[in-house]
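First comes the structure, then the notes that go with it.
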Amino acid sequence: MINSTFLDKIAQVLIEKYSDRLVKTIVVLPNKRAKVFLMEALRKRVSNNILAPKIISIEDFVQDIAGIRTVDAIELLFEFYEVYLSVTEKPNQQSFELFANWAKTLLQDFNEIDRYLLDPTHVLSYLKDIEDIKKWGIEVENKTPLLEKYIDFWKLLPLYYQSLYQHLLNKGIGYQGLIYREAVANLTHFSNNVVDTEFVFAGFNALNASEEKIIQHLLANDQAQIFWDADQTFLNDPYHDAGLFLRRFKENWKHYKSHSFEWIVDDFSQSKNIQIIGTPKSIGQAKISGKIIEQIVEQNPSAKLDKVAIVLGEENLLVPLLYSLPASVGALNITMGYSGKNNPAQILIAKLFKMHTNALSRKSSSYVFYYKDVLDILTHPLVEPYAKTSRLVNTINTNNYTFISHQKLMELNQGPSDLFLLLFNKWDDNSLAVLQSVSELLLTVKQNLSNDNEEEKITKAFVYAIFKVINKLITYYSKHRHIDKIETLHAIYKQLIDLAEVSFEGEPLSGLQIMGVLESRVLDFETVIVTSMNEGKFPAGKSQNSFIPYDVKRELGLPTFKEKDAIYTYHFYHLLQRAKNVYLLYNTESEGLDAGEKSRFITQLEVEKQPNHALTHEIYNAILPETAYKPMVVEKSVAVMTRLAEIAKDGFSPSALTSYIRNPIQFYFQKILRIREVEEVEENIALNTLGTIIHETLLALYTPFIGKFISEADIENCFKLIDAEVLKQFKIVYKEGEIKKGRNLLAFEVAKRNVSNFLKVELESIKAGDAIKIIALEQTYSRTLEHPSLPFPVLIKGNVDRIEERNGIIRIIDYKTGKVEKGNVSLKSWNGLIQEIKHDKIIQVLAYAFMYENEAQGKPIEAGIISFKNLKAGFLPFNFKEDKEIEQIINEEIMANYLEQIVLLLQEILDETMPFEEKV
């Protein structure tokens, strides 16, 4: 079992020394969470009912002294804006979103100045003087209006401070620093009124100047006792940061000239098993944490996990961790703040703002949504399962809706759910109405979530956190109507969401404990798992969000990153102080978004290793397969053979044959399993869509000439029809897609140019004396191929773009929008025709020749390609080159050799002993 915990010892002191006056005793702890644990420790030490002492956090205690209500960060920002407007000249006033950018930082500085009881006028004037010195070299006449405004801003800081301070005091509210300053001012009056009350301060480490003054005053009046949790290993080492603050207090406080320093313990040097585990990426740490918990449960199934804590050095790891925990965990207690930015409910509202602000900003009389914004909302996990819009998503994808008017969206989704209406109802410029709609939306989302499901209970906490922010905004907007624009509301929302943390609360006395670093204060656990042990995360980096420079902070006694590091150091070592088993997890990657070097705390543990500590270091990597990828192999079952027989009966197309050559697995998916690609909105016209439009346009222009010889006049007339016909085909093929803007407009012009160039080539041929008769356009032909080596007859079937008779020769033409050159349709040897995909165009055009051969009635046939990216080359006929002789008329010998190769290919496809093997 764990040694007697710090709170156990405090409980013992309370029972032994204060038992007769417990009801008049107030225990002050660093945070609220420790109260439940102290109450439990007291309960275990009494056998009958007693009245418990009052147990409060230091913040609540200081608030009681000051008699001022604390104001939340969002309300404070609005109050400060009111003050800012009242003391700033109208021409210099900034919008709320610009103001909020710097006001949040300035408020933090005001807070620190007050907590450390500094003279605000002195500090803020100091900042103004620093800025003056920076601009010293600039002559008065060279100062720009922008620079003048900049200097004026620093001059106004004392006024901003004084005005805000007085404004908040008048309302009886305040930020933490103001409350602390007022508490110190009210300290004598407070201590005179609580003569009969005794205070016990327990478990503190770093104290600001206000806290030091309050505690020392009560100690001096014999109204309080204070108990530290100081381990001698850190306290006696003058260089160890974990003892930095406690050494200062022990040396500097007047109280310790005549009183002993309680308590100094020797727990850290006791026996411990410390495992340091490195793994790539954050997700690996979540998985390993889950595995460690699983091992603990397996080793002792009856063991309670309430003595096990997972401390997250990085809050973003919470959700992956929850998914990584074994089912055997059962009870779970999460006590930590989780950033509003990563909250799934916040992400939904952010997407909602984006969609509606985009719709409002479009210069259009109607309210028009961008399809990606709509799909982002409809596919969000808080919407998709409940909105019943899968048909709408399919319609948008199938019809290429790039921009959808509000009216059209409502038409497409008949019988919409309440959730759908709340998401897509029009917003106007009334911010209050928008916020009320969003509030109603969040309530609807909450009602969709179950209380029985642990996952959904956590999601409810996420939704509730954003619901509170929105409702606060409703309250503030009711008072501050002058900032009433949706764009401004969006900007304010983005500013405020940084301040909106999700607070998880659970049953702290049972189950696995998951917490942040600050929530671990005062508590002791037998097994501790700490994640994100990387520099910049644990401890946090040296960045400081403040207008006060480092050297000024040092001079004035304000905390710098040095003190911040010392606070992290104390928290870290306190976690380890009484633990028996410690797991320290860090990311081994030195590159990437969540990269970083190993924490100095790990190095410190290794360098300053205690004799009783068993320290091990492991690197966990993902299991890598021996082969990076094993090509897929699918055996031909009875069902597959049945399907192949079906295809043989219905017809193998030339493209099916070439897809098998390209990759047999691709053929298997497309032809055997009939798997199609997922329909998605084609925002920019794809090449295959452009090709379809050109094909269809030529079909429409040439259809009147089927069975006729074409004249120059016919072609001249076609030129006049190009624009209208291309537009018509675009609308048919591209459906509701936008074709008059951006890249699509360029594609539209390319299609017209291609058709026009084709007609020019045709016209030149006719002028040169070619007699061209159109026989067929986009017509399907088929012919059965029978051969002794095939298990059954195979129908070869395909759609031919154009068949014509030119100067007595049958010409079979396949249009290609891509670039094709003469070499692509030239062949020197029949061997290898079906082995390489580079011969796909030859296989295709000769298949068309085979299908049409009987229809040609003995006339010579040539088959080839017209490439729209190589129109200058004209018709590119298949040709066989043998002994310097080039043959492009498809004679019996060519056809026989071709069919021999196709039979070999079909034998392979239809052979039940030959599996489909993936080409890689």
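Before we move on, is Y586 aromatic (F, W, Y), under 24 Å from K307 (Cα atoms), surrounded by 18 or more Cβ atoms within 10 Å (Cβ to Cβ) and within 28 Å of the chain's Cα centre (by Cα)?
Here the answer is yes, as Y586 does meet what is asked.
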Fill in the blank from the handout: Among residues of the stretch 547-575 being free of Cβ contacts under 8 Å to residues at least 12 places away in the same chain and more than 27 Å from T233 (Cα to Cα), the residue surrounded by the most Cβ atoms within 10 Å (Cβ to Cβ) is K553
Exercise for the section: Would you point out the residue of the stretch 185-212, among those that are in a helix (DSSP H, G or I) and aliphatic (A, V, I, L, M), that is nearest to I113 (Cα to Cα)? Expected result: A209
Completion exercise
Scanning the stretch 310-330 residue by residue, those more than 27 Å from the chain's Cα centre (by Cα) and in contact (Cβ under 8 Å) with a residue 60 or more places away in the chain turn out to be V329, G330
Practice task
Quick one: count up the residues across the stretch 447-467 that are in a helix (DSSP H, G or I) and either surrounded by fewer than 17 Cβ atoms within 10 Å (Cβ to Cβ) or hydrophobic (A, V, I, L, M, F, W, C) (or both).
Solution key: 13
Handout entry: Only one of E591, E526, E606 that is farther than 24 Å from F6 by Cα and over 29 Å from the mean Cα position of the chain (by Cα)
Key = E606
Handout entry: Single residue of the stretch 95-150 satisfying the filter (small (G, A, S) and within 30 Å of T488 (Cβ to Cβ)) that is modelled with the highest pLDDT
Key = A103
Exercise for the section: Please work out if L352 is of a type in the set (A, V, I, L, M) and either without any contact (Cβ under 8 Å) to a residue 60 or more places away in the chain or farther than 30 Å from K426 by Cα (or both). Expected result: no
Exercise for the section: Would you be able to say whether some residue in the stretch 285-302 is under 19 Å from the mean Cα position of the chain (by Cα) and modelled with pLDDT under 95? Expected result: yes
Handout entry: Check on I675, within 30 Å of Y401 (Cα to Cα) and not in a helix (DSSP H, G or I)
Key = yes
Completion exercise
Reported set for the stretch 263-280 where residues are of a type in the set (D, E) and exposed (fewer than 13 other Cβ atoms within 10 Å of the Cβ) is D266
Problem - Single match in V582, V633, V638 (criterion: at pLDDT 90 or above and touching a Pro at 6+ places or on another chain (Cβ under 6 Å)) - result: V633
Practice task
Those residues that are closer than 22 Å to L7 by Cβ, hydrophobic (A, V, I, L, M, F, W, C) and part of a loop (DSSP other than H, G, I, E, B), I need them from the stretch 35-74; list them, please.
Solution key: V46, I50, L51, A52
Exercise for the section: Just need a number here: residues in the stretch 112-128 that are under 18 Å from N545 (Cβ atoms) and of a type in the set (V, I, T). Expected result: 2
Fill in the blank from the handout: Scanning the stretch 616-638 residue by residue, those over 30 Å from V582 (Cα atoms) and in contact with a helix residue (DSSP H, G or I) (Cβ under 9 Å, 6 or more places away or on another chain) turn out to be P631, M632, V633, V634, K636
Fill in the blank from the handout: Checking K468, K426, K446, K460 in turn, the sole residue that is among the charged types (D, E, K, R), in the same structural domain as R391 (by TED's automatic domain parsing) and touching a His at 6+ places or on another chain (Cβ under 8 Å) turns out to be K426
Practice task
State whether the residues of the stretch 65-81 include one that is without any contact (Cβ under 8 Å) to a residue 24 or more places away in the chain, of a type outside the set (K, R) and not assigned by TED's automatic domain parsing to the domain that holds T475.
Solution key: no
Exercise for the section: Scan the stretch 538-556 and give yes if some residue there is at negative phi, in a strand (DSSP E or B) and either assigned by TED's automatic domain parsing to the domain that holds D306 or of a type in the set (D, E) (or both), otherwise no. Expected result: yes
Practice task
Please verify whether the stretch 501-513 includes one or more residues that are at pLDDT 80 or above, surrounded by fewer than 20 Cβ atoms within 10 Å (Cβ to Cβ) and assigned to a helix (DSSP H, G or I).
Solution key: no
Problem - I276 vs. criteria in contact with a Leu (Cβ under 8 Å, 6 or more places away or on another chain), within 19 Å of Q604 (Cα to Cα) and modelled with pLDDT of 95 or more - result: yes
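Go through the stretch 775-892 and tell me which strands (runs of 3 or more DSSP E), entirely inside it, have 1 or more residues that are surrounded by 14 or more Cβ atoms within 10 Å (Cβ to Cβ) and touching a residue at least 60 places away in the same chain (Cβ under 8 Å). Reasoning before the result, please.
Details: elements: 794-806, 809-816, 861-867, 875-877, 879-882, 885-887.
Those strands (runs of 3 or more DSSP E) span 794-806, 809-816, 861-867, 875-877.
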Practice task
Evaluate the following for D72: is it under 23 Å from N186 (Cβ atoms) and touching a strand residue (DSSP E or B) at 6+ places or on another chain (Cβ under 9 Å)?
Solution key: no
Practice task
Considering every residue within the stretch 380-400, establish whether at least one is of a type in the set (D, E, K, R), in the same structural domain as K460 (by TED's automatic domain parsing), part of a loop (DSSP other than H, G, I, E, B) and at pLDDT below 85.
Solution key: yes
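The values are calculated or read from the model by the stated rules, or taken from the named source; none is laboratory data. Bear in mind the structure is a predicted one, so any value in this text is a computation, not a measurement. In this analysis, Cβ positions are derived from the backbone assuming ideal geometry, glycine residues included, and neighbour counts consider all displayed protein chains.
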